[in-house]
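Taking it in order: structure first as structure tokens, then the write-up.
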Amino acid sequence: MLTPNDPQVKKANSKQLRQAQLEDQRHRLHAEAATDAASASPYFRIWENEYLVPTIPAKATRDQVMRDIVFPLVSNELVDDISDSAAAVHGAQDRYISIELTDEKLQIDAEEYIERIDVDGFVSRKCHNGLFSAPNSIVVIDLPAEQDTDFPEPYVYLLPSSSIVAADGMDGADNSGLLSFAYFNIKQPKRRALFDTIDFQVYEKLAGESDWSLILKEPHGLPFCPAFKLWADVDPGNPLVSNTMIRPSLGLLNRYVFWDAAEHSNDLKAALAMFWHLEEEPSSCGYTVPEGPSCQDGILLYAGTDEMGNYTPDMAPIKKPCPVCAKRRARGGPGSVIPIPAPQKKEDADWRVPAGWIDAPIQSLEYIQGKVEKLRAKIRRTATGSEGGPQNDQALNESQILSILESARQVGEYLAEYFEILHKRILDGILTLRYGSSYVGCTVNYGRRFSALSADLLMKLAEMAKTNGSIWLMEEIDNLQQDYYAHGDSSRGLRFQMLTDLNPYPFLSPADLYAAGINTSDPEGFGLSVGLLGFVKRFERENQLPIERFGILTPYSIRVTTILDAIKEYVSELKPIETGNVIDPTGDPTGGKSNPAGRKPAGNPKRGKPASGANK
């Protein structure tokens, strides 16, 4: 039996644990919003002393930069943006999670129980947020001290690394993120828990005693320790430290906070220009100590004394800073006035104007602004594979678009893989504790039909793919857009897919159709594509069902064919389109004879303008 006095516990690698705790502080600084420095992660003061102080030796300049570091930190918004993109992993269209028990009644009970304790919500909210703010936390599966129900009621919670007293990771790829034991503080005062691969144990430290006394010991029967790492992707050199999406960019996030403050300081200098003028500058502020010395250039000179405190003429004077001058801010800050000593002799004549403004250099302002933008883009690209949105109007070719999509796919694969590991371990632990050998196992598949790319970027990539004429790439991006806007809602996802399948020209706007001559070569397809949404609305009114619910018991292909046949009937009711009297979707009253392809479609290009009678 493992105990707190066991050498394995007492000699556990404390250096590795301290590193894990420090890493959590670094993550928390940029992932958890704080209102001021006092409520921020303790790492803020470490960063200030280890980076800001040696980087900016001048106290006045450093104080100005510190005033321009506002809370919540600018990095909090960026990490939130990255976290929101990563949250797409929890809403894949092809996500599948199932559990299996030996008995049908137990099966129903188990499904109700995991829904009641909200395992999905625990993973998608608490664990997801913890991945960014405290990735070295451990997931603890525990049992109530007393059982008054037919089945045990295990529960799960996140334990911050700061509560861990000692822990040791397990070796082997299959055991990544698992611990051989975890010894940690619990909510009850003067109590600690020790979980290992065999037992639950709780210890208490009584008043006046130095040792911890065992008060509870219970075997758990699990194939692993019920306290394990939140994120199973661990550092090869330290199994208590997890790799995360933002871990490679923690240093860049520090710089991002610094350069954003520097940009604001520079902006202040531009908005509040410094003013200089000639004057005879006084050497003293006028402060005088009662029955003592007066200020001389910010210094008070006291008479020298010996070790007994007696005045000695040959002792050097004692220098102390003037309290009035010490409170003055150093010159040179935004909006400050800088007095220049005026010439006192005729041979020192200064023919400059007696006063003027000092403007901030434009090149410096532009450089710092560009620096901040590049840092933000690099951090997001490192974490998610993309910069999150179109950074400029530079066109991308097919291979560049594919590179962005592939990077996003790899990030999605990474997130899905490790969330699947986490989710499965939680289900295995909870359901084994509750049902024992009646629990057979579970299947956790997060799916891959989701995208960590933003809506703006997907739209921009779609436009570029269209410009390049890559129809297959347009279809790939269209599928990603459907998944993005469905947000895990299978009904919405099905509707988007059906609208695409009902449209004979899903990737062409009305103007594109007209420019390609579809209005004459395929008038039925032209009318169907342009007026599709109007026809779908009519079909739904007549059948009193949305298209995604129509014929749900029949195969998908038959459903689409039935709806399409009805819509074609609507199209046939329209007046035949004559070549010389066509309605140009670009809005050109000449019938499109004046370069219709060069004009943008009127109204909403996605909806188009249905022909007369389409909605009747």
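The values are calculated or read from the model by the stated rules, or taken from the named source; none is laboratory data. Values in this document were obtained by computation on a predicted structure and should not be read as measured data. Note that each Cβ is placed from the backbone with ideal geometry, even for glycine, and that neighbours are counted across all protein chains shown. The protein model used for the area step is the full one, side chains on, heavy atoms only, and it has no ligands, DNA or RNA in it. Shrake-Rupley method; radii C 1.70, N 1.55, O 1.52, S 1.80 Å.
So if we plug the beta-carbon distance of Thr467 and Ile552 into 1/(1 + (r/R0)^6) with R0 = 41 Å, what FRET efficiency do we get, rounded to 0.05? Don't skip to the answer; put the middle values down first.
Numbers: r = 39 Å, r/R0 = 0.95.
E(calc), rounded to 0.05, equals 0.60.
Starting from the Cα gyration tensor of segment 161-253, take the square roots of the eigenvalues, sort them a ≥ b ≥ c, and report rounded, prolate or oblate (rounded when a/c is under 1.5, otherwise prolate if a/b is larger than b/c, else oblate). Please list the in-between numbers first.
Values: a/c = 3.16, a/b = 1.63, b/c = 1.94.
It comes out oblate by the Cα gyration axes.
Kindly report the accessible area of segment 493-533 per residue (heavy atoms of protein chains, probe 1.4 Å, no ligands, DNA or RNA), in Å².
Values: 1450 Å² over 41 residues.
It amounts to 35 Å² per residue over segment 493-533.
Among residues other than Val411 whose Cβ falls under 12 Å from its Cβ, what is the net charge (Lys/Arg +1, Asp/Glu -1)? Can you show the working numbers first?
Working: positive: Arg380, Arg381, Arg409, Arg448; negative: Glu406, Glu413, Glu417.
Counting the neighbours of Val411, the net charge comes to +1.
Report the net charge of residues surrounding Val139, where surrounding means a beta-carbon distance below 9 angstrom and charges are Lys +1, Arg +1, Asp -1, Glu -1.
On the way: positive: Lys229, Arg425; negative: none.
Once positives and negatives cancel, what remains is +2.
Using a 1.4 Å probe, how large is the accessible area of Glu387, given in Å² and rounded to the nearest 10?
60
What full-extension length gain, to one decimal in nm, is calculated for Asn397 and Thr35 as 0.36 nm per residue of separation minus the Cα-Cα distance?
On the way: separation 362, 0.36 × 362 = 130.32 nm, distance 4.42 nm.
Gain on stretching Asn397 to Thr35: 125.9 nm.
Tally Lys/Arg at +1 and Asp/Glu at -1 over every other residue whose Cβ is under 14 Å from the Cβ of Gln188; what's the total? Don't skip to the answer; put the middle values down first.
Working: positive: Lys187, Lys190, Arg191, Arg192, Lys205; negative: Asp142, Glu204.
In short, +3.
Which cross-chain or sequence-distant (5 or more) residues have an amide H under 5 Å from the amide H of Ala303, H modelled 1.01 Å from N in plane?
Long-range HN contacts for Ala303: Ile318.
Assuming a ≥ b ≥ c are the square roots of the Cα gyration tensor eigenvalues, decide whether segment 74-182 counts as rounded (a/c under 1.5), prolate (otherwise, with a/b larger than b/c) or oblate.
Details: a/c = 1.87, a/b = 1.28, b/c = 1.46.
Oblate shape, in that a/c is at least 1.5 and b/c is the bigger or equal ratio.
Treating cross-link reach as a plain straight distance, find the aspartates and glutamates whose alpha-carbon is under 18 Å from the alpha-carbon of Lys319, omitting any fewer than eight places away in the same chain.
Within the straight-line limit of under 18 Å, Lys319 reaches these aspartates and glutamates: Glu291, Asp297, Asp306, Glu307.
Would you mind checking which residues have amide H under 5 Å from Gln93's amide H? H placed 1.01 Å from N; only 5 or more apart, or other chain.
Amide H to amide H, under 5 Å and 5 or more residues apart or across chains, Gln93 pairs with Arg449.
Is segment 450-556 rounded, prolate or oblate when judged by the Cα gyration tensor, a ≥ b ≥ c being the square roots of its eigenvalues, rounded requiring a/c under 1.5 and prolate requiring a/b larger than b/c?
Note, shape of segment 450-556 comes out oblate.
Ranked from highest to lowest mean number of other Cβ atoms within 10 Å per residue, what is the order of the peptides 289-295, 132-138, 545-551?
For the peptides 289-295, 132-138, 545-551, the packing ranking is 132-138, 545-551, 289-295.
For the cross-link pairs Lys10/Lys190; Lys126/Lys190; Lys126/Lys205; Lys371/Lys460; Lys10/Lys424, which exceed 21 Å when the distance is taken from alpha carbon to alpha carbon? Kindly include the intermediate steps, with their values, before the conclusion.
Values: Lys10/Lys190 18 Å; Lys126/Lys190 27 Å; Lys126/Lys205 31 Å; Lys371/Lys460 24 Å; Lys10/Lys424 31 Å.
Among Lys10/Lys190; Lys126/Lys190; Lys126/Lys205; Lys371/Lys460; Lys10/Lys424, the Cα-Cα distance tops 21 Å for Lys126/Lys190; Lys126/Lys205; Lys371/Lys460; Lys10/Lys424.
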